[in-house]
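**Q** My structure is below; once you've seen it, I'll send some questions.
Each reported figure results from applying straightforward, stated rules to the coordinates on display, with no laboratory input. Just so you know, these numbers come straight off a predicted model, no measurement behind them. Here Cβ is always computed from backbone atoms with ideal geometry, including for glycine, and neighbour counts include all displayed protein chains.
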Amino acid sequence: MHEKDDLDLLLDNVLSNYGDPGPDSGLERRVLAGVRTRMAAESAPRRRWLPWAVALPAAACLLLIFLAAPRTVHAPAGHATSSASPQEVPLTTTHTGSRPVLIPAPAPRNRQLPTGLQFHRGDRASKPVALPKLDVFPTPQPLTPAELALVTFAAHASEDERKSFIAAQKQADAPLRIAAIEIPPIESPAKGTN
């Protein structure tokens, strides 16, 4: 290694002071202050929508719960007429003799009772309802022109025509055979011609 001359010493001295900012120039404080302001500016919009991001799904869940909840009032299984209020069990009026009598109307059949309140009454036996039926199923349709031609052919064709028709059908149903394709190689033109 060679000895340092005056130029080397001058360069070393200048380079050693080049990166030194000096005593407490405030560079670190300025950089940290800039980072803090950027962080505050970026996090402010996030903080603004964060409550909405939690509140909207919670409100949607509550709305679904209220919409899906059954809205029927169920009468107790034992004594529905004695302890029920007029709003819970609808009443109908029937005339027996000279005075009208109020009796509870039967509950609609499409109402679902909770598992603990389900009961069976013998006086409400359901009768099976006969569904409408067709006399002939499927409903007959008029023959298409192709079907009419086949019926006419079957009624008026001779035995030989029928056999040839059946043979043609079998031949039409047979798998197709495709001949192998042979392509001869292209001959290169003679030298000197295109």
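**Q** For region 12-19, in order, what is each residue's ³J(HN,Hα) by Karplus, 6.51 cos²θ - 1.76 cosθ + 1.60 with θ = phi - 60°, in whole Hz (x at glycine and Pro)?
**A** 3J(HN,Hα) across region 12-19, in whole Hz: 4, 5, 5, 5, 5, 8, 5, x.
**Q** Extension gain T193-K127, at 0.36 nm per residue separation less the Cα-Cα distance, in nm?
**A** Gain on stretching T193 to K127: 13.8 nm.
**Q** A further question follows. Kindly state, to the nearest 0.05, the FRET efficiency for K4 paired with S25, given R0 = 25 Å and r defined as their beta-carbon distance.
**A** Given R0 = 25 Å and the Cβ-Cβ separation, E is 0.25.
**Q** Evaluate E = 1/(1 + (r/R0)^6) for T37 and C61, where r is the Cβ-Cβ distance and R0 equals 30 Å; express this FRET efficiency to the nearest 0.05.
**A** 0.20
**Q** What is the pair-distance distribution P(r) of region 135-194, computed from all Cα-Cα distances in 10 Å bins starting at 0, with each bin given as a whole percent?
**A** Computed distribution, short to long bins: 15, 20, 18, 15, 9, 10, 9, 3, 1.
**Q** Apply the Karplus parameterisation 6.51 cos²θ - 1.76 cosθ + 1.60, with θ equal to phi minus 60°, to every residue of region 139-155 and state each ³J(HN,Hα) to the nearest whole Hz, in sequence, with x for glycine and proline.
**A** Calculated HN-Hα couplings, in order: 4, x, 10, x, 5, 6, x, 5, 5, 5, 5, 5, 5, 5, 4, 5, 7 Hz.
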